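Have a look at the structure below before the remarks.
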Amino acid sequence: MKRIWMAVAVTMLAGALQAQVVVKHIQSEKSPIATGVWAGDTYYLSGQLASPVTPADAAKGTPAEYGDTKTQAASVFAKIQAALKEQGLDTKDVVKMTVFLGPDPKTGKLDFAGMQSEYVKFFGTADQPNKPARSAFQVAALAAPWALLEIEVIAVKSK
């Protein structure tokens, strides 16, 4: 009977040791949210928005230009690739993607095809054949008034 309890205790201890995961937050003091979070070998990258195609010019009083959905998607996928690279990852490591698409004020509709035309340049290519599981949602609006899409990914470091 003592041996059975000892075996149960050892099994439970081994399970508890395996369950401990190191969590590391990648963040800066300038941002209210983490850029990403490592949980073990899994990296959760926060949603990415496009960078401006043309920055704002305070002297001229012109706002920044971000472009249409296709243009914003090109920027977002490049930012995702760069953020992953900073963590020693690449698009091949992405296992899950969530896309939030808002309506283009010029057309009043979302442009899934514009996003998809940029997506296929980074996933499912001859150089990078991996495709992540993906969900895409239409949203009424995003946090930034100019944003037409936001994309977040989960990547896993291969061993």
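The values are calculated or read from the model by the stated rules, or taken from the named source; none is laboratory data. Predicted model, so just to flag it, every value in this text is computed and none were measured. Positions of Cβ are generated from backbone atoms using ideal geometry, with glycine treated the same way; all protein chains shown enter the neighbour counts.
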For this session: Give, as residue ranges, the strands (runs of 3 or more DSSP E) completely inside the stretch 48-159 that count at least 2 residues that are in contact (Cβ under 8 Å) with a residue 40 or more places away in the chain and within 25 Å of residue 38 (Cβ to Cβ).
Result: 94-101, 149-156
Exercise. What's the number of the condition residue 24 fails, among (1) assigned to a strand (DSSP E or B); (2) over 15 Å from residue 153 (Cβ atoms); (3) at pLDDT 95 or above?
Worked result: (3)
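Residue-wise test of (1) within 13 Å of the chain's Cα centre (by Cα); (2) among the hydrophobic types (A, V, I, L, M, F, W, C).
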| position | (1), (2) |
| --- | --- |
| 74 | no, yes |
| 88 | no, no |
| 98 | yes, no |
| 101 | no, yes |
| 104 | no, no |
| 111 | no, no |
| 118 | no, no |
| 124 | no, no |
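Among the residues of the stretch 133-155, count how many are surrounded by 12 or more Cβ atoms within 10 Å (Cβ to Cβ) and more than 14 Å from residue 81 (Cα to Cα). Break it down into steps so the answer makes sense when it comes.
First pass over the stretch 133-155, keeping only residues surrounded by 12 or more Cβ atoms within 10 Å (Cβ to Cβ): 134, 136, 138-139, 142, 144, 146-155.
Applying the additional criterion that residues be more than 14 Å from residue 81 (Cα to Cα) yields 134, 136, 138-139, 142, 144, 146-150.
Final tally of qualifying residues: 11.
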